[in-house]
Amino acid sequence: SSSSWQDRKTVCCYAHLDVQPASLSDGGWTSDPFVLALRDDKLYGRGSTDDKGPALSWLWVLRAHRALNVPLPVNVKLLFEGMEESGSEGMFEAIRDLSRNDDGFLSDVDFFCVSDNYWLGDRTPCLTYGLRGLAYFGVSVQCCRQDLHSGVLGGTVHEAMTDLVKLLASLVESGTGKILVPGIMDDVAPVTEEEEKLYETIDFDLEAYKKENKLDSVSNALLHDTKKDLLMARWRFPTLSLHGIEGAFPGAGAKTVM
């Protein structure tokens with residue numbers, strides 16, 4: 001290189017190696033999720049996109065530069081995490097500690113590149129520069145101190161599952177995705193004309209989006225009919241999703257308990 005490493009900017013590339021649980025019994029896998037499989041020129045396996053594949057891509061970039069004898073334009077540091085899917089426990093403290101002193105691993109980092117996101121489709125790469133963030137909440141409803149038999153006591157007591165479903169249904173409007181929680185939009189910045197124009201040139205196809213997410217053979221419907229409205233709902237407005245319900249009997253099959 002014509003310049004020493006001290007003269008170059010330093011980029012820290014982040015990725016995580018842990019994944020969400022998966023098994024063949026989930027119903028969405030046609031092969032063992034923890035054995036990488038090649039089908040139709042695509043790699044299938046838990047973490048191939050989130051986020052082991054992107055983590056490996058940085059190593060391939062470094063290998064390619066070295067093999068071609070092409071100097072890196074920046075200094076590269078790699079930060080791979082193993083607790084991202086568990087709330088990044090300890091990560092923020094580690095970053096703080098590694099940045100404290102002049103000789104800390106992260107003390108000379110000029111930029112971070114987080115490789116834990118997606119393209120908008122399969123045609124055009126994109127650079128994500130922000131996410132909405134998230135907050136998890138749990139709701140519990142109790143109707144008694146023990147299991148009750150629905151055939152014997154059904155229709156005589158308040159049932160927790162019925163009340164829970166009613167509560168959850170009051171949070172978001174079916175068919176539109178509109179959040180029904182009062183005040184949820186108070187802190188959302190209004191859309192400007194300048195921002196609206198940014199969506200006009202984005203390479204995004206609604207039909208391809210439905211096919212990619214396997215909606216075309218089921219509902220074949222989206223909550224928004226235009227590219228701009230859908231991307232705004234995906235990127236800049238809050239959303240509310242219900243992730244799961246567990247009742248008195250959470251196992252497979254049927255059991256007359258409430």
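The values are calculated or read from the model by the stated rules, or taken from the named source; none is laboratory data. Since this is a predicted model, take the numbers as computed values, not measurements. All Cβ positions, even for glycine, are placed from backbone atoms using ideal geometry, and neighbour counts span all protein chains on display. Keep in mind that these areas ignore ligands, DNA and RNA; they rest on the heavy atoms of the full protein, side chains included. Shrake-Rupley method; radii C 1.70, N 1.55, O 1.52, S 1.80 Å.
Side notes on the structure shown:
- For region 74-83, the criterion of being open to solvent by 80 Å² or more (accessible area, probe 1.4 Å) and over 18 Å from the mean Cα position of the chain (by Cα) is met by none of the residues.
- When region 48-70 is limited to residues that are in contact (Cβ under 8 Å) with a residue 24 or more places away in the chain and part of a helix (DSSP H, G or I), the one that is least open to solvent (accessible area, probe 1.4 Å) turns out to be 55.
- Pairing each residue of region 98-114 that is among the small types (Gly, Ala, Ser) with any residue that is in a loop (DSSP other than H, G, I, E, B), provided the two are 6+ apart or on different chains, yields C-beta distances under 8 Å for 99/106; 99/107; 99/109; 107/100; 107/101.
- Only listed residue being modelled with pLDDT of 85 or more, surrounded by 10 or more Cβ atoms within 10 Å (Cβ to Cβ) and in a helix (DSSP H, G or I), chosen from 98, 106: 98
- Counting the residues of region 142-152 that are in contact (Cβ under 8 Å) with a residue 24 or more places away in the chain and open to solvent by 60 Å² or more (accessible area, probe 1.4 Å) gives 3.
- At least 3 residues being in contact (Cβ under 8 Å) with a residue 12 or more places away in the chain and more than 30 Å from residue 143 (Cα to Cα) is the threshold, and among the helices (runs of 4 or more DSSP H) wholly inside region 169-258 those reaching it are 206-212, 227-235.
- Residues in region 11-42 that are in contact with a strand residue (DSSP E or B) (Cβ under 7 Å, 6 or more places away or on another chain), open to solvent by less than 100 Å² (accessible area, probe 1.4 Å) and free of Cβ contacts under 8 Å to residues at least 60 places away in the same chain: 31, 37.
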